[in-house]
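Structure, as structure tokens:
The values are calculated or read from the model by the stated rules, or taken from the named source; none is laboratory data. The model shown is predicted, which means the values in this text are computed figures rather than measured ones. Here the Cβ positions follow ideal geometry from the backbone for every residue, glycine too, while neighbour counts run over all protein chains shown. Heads up: the accessible areas ignore ligands, DNA and RNA and are worked out on the full protein's heavy atoms, side chains in. Shrake-Rupley method; radii C 1.70, N 1.55, O 1.52, S 1.80 Å.
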Amino acid sequence: MSEAYNPEVIEKKWQKIWDDEKAFHAPNDYTKPKMYNLVEFPYPSGQGLHVGHPRPYTAMDIVSRKRRMQGYNVLFPMGWDAFGLPTENYAIKNHIHPKIVTKNNVARFKAQLHRLGYSFDWDREVNTTDPNYYHWTQWIFLKLFKAGLAYKTEMPINWCTSCKVGLANEEVVGGVCERCGSPVIRKMQSQWMLKITAYADKLIDDLDLVDYIERVKIQQKNWIGRSHGAEVDFALKGKEEKLRIYTTRPDTLFGVTYMVLSPEHPYIEQFKDEIKNWDEVVAYREAAARKSDFERTELAKDKTGVCIDGISAINPVNGEEIPVWISDYVLMSYGTGAIMAVPGHDDRDWEFAKKFNLPIIEVIAGGNVDEAAFTDVQTGTLVNSGFLTGMSVEEAKKAITEFLHKNGLGEPKTNFKLRDWVFSRQRYWGEPIPIVKCEKCGYVPIPEDQLPLELPDVKSYMPTDTGESPLAHMTEWVNTTCPCCGGPAKRETDTMPQWAGSSWYFLRYIDPENDTCIADPEAMKYWLPVDWYNGGMEHTTLHLLYSRFWHKFLYDQGVVPTPEPYQKRTSHGMILGSNGEKMSKSRGNVVNPDDVVNDFGADTLRTYEMFIGAFELAAAWSEDGVKGCRKFLDRVWKLQDIVKDGNAYTPALETRIHQTIKKVSNDYEEMKYNTGIAAMMTLVNDFYKVGSITKADYKVLLVLLNPVAPHITEELWERMGFAGRLYNTAWPEYDEEKTVEAMIEVVVQINGKVRAKITVPKDVDKDTAIAAGKEAVADKLTGTIVKEIYVPGRLVNIVQK
RNA sequence: GCAGAUAUGGCGGAACUGGCAGACGCGCUGGAUUUAGGUUCCAGUGGUUAACACCGUGUGGGUUCGAGUCCCACUAUCUGCACCA
């Protein structure tokens with residue numbers, strides 16, 4: 001009898017051996033086929049590793065280990081996305097420098113990840129808060145600035161009226177400040193912006209070049225929200241100025257019954273003197289300022305608005321005078337901040353019109369506009385629409401756009417929902433923006449040879465009460481000279497958002513120590529693009545899009561060799577608490593991975609997280625499920641006792657072994673880890689049923705299981721006296737011929753209901769199978785046979801009347 | 001509100017392109033081993049039924065010899081919504 005399986009001892013032993021042997025170092029050997037596997041690097045939070053982290057990490061570790069065994073030069077790196085709000089808030093509260101908080105958190109995360117036996121190449125570790133790293137984050141910003149893609153503008157921010165600080169959306173709960181409960185308003189603040197909209201078309205179109213799971217592509221496309229429509233000028237009665245609106249439905253122009261301006265629309269201020277109900281308008285505007293865009297559109301069911309008394313517009317196609325309203329369902333950030341309202345054919349306009357008793361005109365026949373807006377663009381026909389009457393929506397769009405263009409009333413316009421990226425944070429713990437402001441020269445970039453611009457030490461990390469960054473207190477740092485004219489200048493005190501460092505980190509892994517460029521171009525040519533990037537669905541529209549944007553920019557600048565950073569993108573589901581809810585301290589359902597490793601071992605945790613359910617779906621934690629996986633590993637361990645010498649598979653197991661190699665090899669590549677593990681469980685069950693196995697049988701199991709449970713399998717490999725290390729053993733092959741039994745079972749149905757089962761040779765022909773099937777159910781064939789179906793290897797179906 | 005997804009036993013889940021629903025694991029029941037508990041091993045386990053058989057994949061329709069899978073209309077839940085990461 002072998003001694004008991006003791007993960008605590010063997011896991012430490014093998015982790016040390018792998019470190020000492022640099023087992024998973026990815027050499028820059030450009031002659032080998034490469035595979036670059038990437039997982040999202042964590043934010044090293046104070047809470048330590050969460051059981052959610054190991055799910056994607058183990059998954060990609062499995063792929064990486066398997067591909068190494070198949071001869072690939074695999075790059076599987078890890079690092080730290082360490083700038084961020086929680087660290088800064090912790091530092092403020094506890095008076096510890098964020099640098100120290102970060103250092104401690106990173107050390108803890110690293111130790112926790114190390115215990116899980118991941119095959120990361122730790123020689124390539126990066127940290128976004130390291131000046132040698134953010135040197136290049138700043139360098140990219142300067143490139144963007146010089147290319148005209150970084151600019152400053154006034155943007156609304158959340159402003160706590162009591163703390164007098166800018167707040168992140170997350171810090172605003174129910175319209176009040178999370179810390180003090182005071183009301184939060186929207187205040188205008190000068191902000192650095194990145195022109196991601198300049199890449200909107202490419203970001204959509206180039207999705208055709210990559211292999212992302214479909215829902216990621218769809219979500220990115222919808223987020224960018226490209227729509228084709230027209231901008232139309234409406235005359236304002238008695239004024240020179242025109243009111244320009246954007247619409248995706250210019251075909252409904254004859255159905256406009258009112259106009260709506262966003263509460264922030266500049267015309268409101270401009271025409272102040274003519275607005276008779278000014279007080280009411282201002283009151284409404286102030287109320288709207290207290291709501292976020294999200295709240296404004298969320299409350300869409302209960303529309304609010306005010307009719308501007310004193311201003312009206314003229315419909316350019318029929319000369320009709322129509323009222324102008326303001327309402328918060330129109331956003332200044334989309335289109336022109338003004339819309340033409342067609343209640344007959346737009347749901348939001350319809351609800352608004354119903355509420356305020358505005359007329360509804362039907363211009364597309366096909367529905368009943370008294371009941372609901374008719375929004376179908378496929379079937380309707382234009383009515384009540386002058387020269388458009390009788391056309392389809394498609395035809396009318398074309399005709400009206402041409403008409404508007406010819407008469408100087410408007411033009412076709414492509415719009416995007418995507419907005420430019422607000423790149424400023426009035427915070428300390430971020431990369432300083434390497435710009436100075438000179439009275440004479442304006443915004444001037446710091447010369448590249450002066451990078452990195454290091455974050456200075458400050459005494460207090462609290463933002464100033466003017467809404468500036470804590471860096472604004474550092475007068476000796478802020479006051480500098482202009483690199484352009486040598487005159488007095490002030491440094492930018494805003495820092496970059498956390499997204500900056502994570503937008504290009506995969507490039508730095510390629511050549512993390514390089515201090516003359518982002519990464520060696522030869523090395524980038526070899527390793528890029530990232531072959532497989534797995535991450536959370538929640539990063540689809542921000543991080544993933546931001547990093548694609550930066551990469552595309554760097555490609556246009558000739559810095560990187562590929563137009564897209566990631567060839568393939570997959571996504572994992574969340575791990576929920578045992579009650580099926582998201583894990584959180586307040587719900588008390590948090591599971592600490594350290595406890596699981598202590599109680600059951602890292603291999604058990606890894607196996608369980610892969611077995612828990614379909615990789616892309618959310619799954620609830622179950623302590624009993626963990627135990628089941630430990631039991632499986634115990635059974636694998638104890639197979640030692642029934643192994644006998646032999647270089648061939650046990651004949652009774654041969655088919656099952658070939659089937660399992662095939663199944664597991666495919667499942668790992670398709671991220672169907674749960675069924676792959678189930679297949680190995682079945683194999684182990686079969687091993688015990690047979691009662692004794694050969695070394696060859698056992699060897700296959702150990703290799704297949706190694707990517708999931710690397711420590712126990714490596715230990716057993718050594719104990720069985722197999723040559724070399726398991727981690728660099730070749731992946732097993734299977735023989736397709738041998739995956740199918742000679743005799744197969746086929747179901748016999750009558751009218752689709754199973755009535756019998758027959759056993760036939762695997763390559764039986766249709767007629768023989770049907771004849772055998774009929775014989776098996778002869779006593780039940782009482783009617784007239786109208787159809788006979790044979791699905792090879794599966795079933796015979798006799799249809800009778 | 002907009003966008004994306006999901007729904008199968010007591011539980012987690014499986015089911016390739018429409019072909020035996022419930023693989024594998026947990027839990028539970030019974031038995032063996034054990035002084036006992038635990039561990040381990042063996043057998044059983046969707047529901048109704050004495051049985052034959054029938055019913056069963058969120059709800060309601062449809063297509064098909066055959067639907068968890070395809071189509072239409074719903075419902076519920078989860079994720080994201082731009083300063084959390």
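List of remarks:
- Calculated FRET efficiency for the pair A:Asn222/A:Lys146, C-beta based, R₀ 25 Å, to 0.05: 0.20
- Dipole magnitude (debye, nearest 20) for region A:685-801, charges at Cβ of Lys, Arg, Asp, Glu: 600
- Label-point separation in nm, A:Asp763 to A:Val176, each point 7 Å along Cα→Cβ: 7.9
- Potential lengthening between A:Asn407 and A:Asn674 on full extension [0.36 nm per residue; Cα-Cα distance subtracted]: 89.7 nm
- Once both labels are positioned 7 Å from their Cα atoms along Cα-to-Cβ, the gap between A:Val747 and A:Tyr443 label points is 6.6 nm.
- Considering only chain A, percent of DSSP beta bridges that pair antiparallel, nearest 5: 70
- Near-label residues of region A:358-386 by backbone N, under 15 Å of a point 7 Å along Cα→Cβ of A:Glu395: A:364-365, A:378-386
- Residues A:Ile612, A:Ile661, ordered by accessible area of protein heavy atoms at a 1.4 angstrom probe radius and largest first, appear as A:Ile612, A:Ile661.
- The 1.4 Å probe gives accessible areas that order A:Asp211, A:Asp206, largest first, as A:Asp211, A:Asp206.
- Apportionment of accessible area to carbon and sulfur, region A:591-691, percent (1.4 Å): 49
- Separation of the A:Asn94 and A:Val458 label points, Cα + 7 Å toward Cβ, nm: 2.1
- Calculated FRET value between A:Glu274 and A:Ser333, using beta carbons and R₀ = 30 Å, to 0.05: 0.70
- From the alpha carbon centroid of region A:242-281 to that of region A:462-525 is 42 Å.
- Ranking A:Tyr284, A:Thr389, A:Leu75 by Cα position along the charge dipole of chain A, where only Lys, Arg, Asp and Glu carry charges on their C-beta atoms, puts A:Leu75 farthest toward the positive end.
- Taken over region A:377-502, lysine pairs spaced eight or more positions apart, or on distinct chains, with alpha carbons under 13 Å apart number 5.
- Highest average packing first - A:546-554, A:402-410, Cβ atoms within 10 Å: A:546-554, A:402-410
- Normalised per residue, the accessible area of chain A is 44 Å², obtained with a 1.4 Å probe and no contribution from ligands, DNA or RNA.
- Gain in span if fully extended, A:Gln47 to A:Asp735, counting 0.36 nm per residue against the direct Cα distance: 242.8 nm
- Of the solvent-accessible surface of region A:117-262, computed with a 1.4 Å probe over protein heavy atoms with every protein chain present, carbon and sulfur atoms account for 49 percent.
- Against chain A, whose longest principal axis is taken from its Cα atoms, helix A:543-556 shows a tilt of about 80°.
- One decimal place: the segment A:Ala771-A:Ala618 gains 50.3 nm when fully extended, by the rule 0.36 nm per residue minus the C-alpha distance.
- Put simply, when A:461-471, A:332-342, A:709-719 are sorted by average Cβ atoms within 10 angstrom per residue, most first, you get A:709-719, A:332-342, A:461-471.
- Listed residue pairs exceeding 28 Å between alpha carbons, taken from A:Lys12/A:Lys638; A:Lys217/A:Lys355; A:Lys13/A:Lys110; A:Lys291/A:Lys354: A:Lys217/A:Lys355
- Peptides A:4-15, A:761-772 ordered by packing proxy, namely the average of other Cβ atoms within 10 Å per residue, highest first: A:4-15, A:761-772.
- Residue-wise HN-Hα couplings along region A:753-766, as the Karplus relation 6.51 cos²θ - 1.76 cosθ + 1.60 with θ = phi - 60° gives them from phi, are 10, 5, 10, 6, 10, 10, 10, 9, x, 4, 9, 4, 8, 4 Hz; Gly and Pro carry x.
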